[in-house]
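Read through the structure below, which is laid out as structure tokens, and then see the notes.
The values are calculated or read from the model by the stated rules, or taken from the named source; none is laboratory data. Since we're looking at a predicted model, the values are computed, not measured. Glycine also receives a Cβ, built like all others from the backbone with ideal geometry; neighbour counts cover every protein chain displayed.
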Amino acid sequence: MTQLDFCDRLLAQGPRRIACADEGAYLAAWTAHAQPLTDDLLSMALMGGLVSDRLAWVFLAGYQAACFDAFANLPRKGWIAYAASEDRKGNPPLPGVTLQDAHLNGTKTWVAAARSVSQIAIKVGSGPEARYLLVPRETSGLTVEAGHTPRFLSDMSQGLAHFHNTPLSMTKALDSTRIHEFGLLEPLYIDAAFCGFILGSTDEQDLVSLARACLGAIAQTLKSVDTALDRHSLARVDALAQDLLAQLAGNRLHAAGDWTSDQRLITMYSRSLQRRVQGL
């Protein structure tokens, strides 16, 4: 089996782009078509992109795969948000999440798909002593607030997670062995979903060839994450993803959503990827 057999298999069995006007509609499409592929996270990201009609859904498709890859013991059902950010700008800032007397208190400030997530992974503490916990949405003392409509990826709800005397006994300790690679896994899977979005939207040969080449480089890079990172393949991923975005100038594929703002999704990770290419 070649690296791109999975791509051909998914394209052959369909579906392609599905019009999803809101987050709930995309969750239904993702649940039907992408979630069954959780045993192969690259295929899951690709399928999530194939059915996406806008870049906000491309982000969610790649982000879910990255979260599942980063935490090996996550239940692979429904959407998860990895909430690590805390308030540093408020006056006064919202208190960060702390663990005391076997209860969690405080706020995490960025929860992707806040209206739709069924579980939240949180980081408590910092450095070697940090703990990573899985908290089901319906846990006592947890309130997920959707927040205001953002300017970037505005079709996706983005909000806060407030903890008030949430019992530690109702959480699950996560295997965080790979979380240090989240900054690499996230853009790789998002680029895979972006390739899927293109392949699900057009049969134009120039775009199809570039997207397939990018997927091949992503597959090669992912194989090397736990050993010696294949920097040549990583550099190729970034170059091909940026080339693909350039080819889509003017919203060539007529994506829904705010294309002008959301296309930054593909450029925003380039600098960090190039640092990894350089071994920094």
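Here are the numbers for this structure:
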| read-out | value |
| --- | --- |
| Residue identified as surrounded by fewer than 22 Cβ atoms within 10 Å (Cβ to Cβ) and in the same structural domain as Ile120 (by TED's automatic domain parsing) among His232, His162 | His162 |
| Criterion: surrounded by 14 or more Cβ atoms within 10 Å (Cβ to Cβ), more than 23 Å from Asp87 (Cα to Cα) and at pLDDT 95 or above - qualifying residue of Ala173, Ala193 | Ala193 |
| Subset of the range 154-196 that is in a strand (DSSP E or B) and among the hydrophobic types (A, V, I, L, M, F, W, C) - its residue that is farthest from Tyr132 (Cα to Cα) | Leu160 |
| Filter result for Glu145 (more than 26 Å from Thr267 (Cα to Cα), of a type outside the set (Gly, Ala, Ser), in contact with a Gly (Cβ under 7 Å, 6 or more places away or on another chain) and at pLDDT below 95) | yes |
| Those strands (runs of 3 or more DSSP E) lying entirely in the range 28-140 with at least 2 residues within 27 Å of Pro150 (Cα to Cα) and in contact with a Phe, Trp or Tyr (Cβ under 9 Å, 6 or more places away or on another chain) | 80-83, 103-112, 119-124, 131-136 |
| Residue within the range 225-243 that is under 20 Å from Met156 (Cβ atoms) and part of a loop (DSSP other than H, G, I, E, B) present | no |
| From Gly48, Gly24, residue being at pLDDT 80 or above, buried (at least 21 other Cβ atoms within 10 Å of the Cβ) and assigned by TED's automatic domain parsing to the domain that holds Leu215 | Gly48 |
| Out of Thr221, Thr227, sole residue that is assigned by TED's automatic domain parsing to the domain that holds Leu50 and touching a Leu at 6+ places or on another chain (Cβ under 6 Å) | Thr221 |
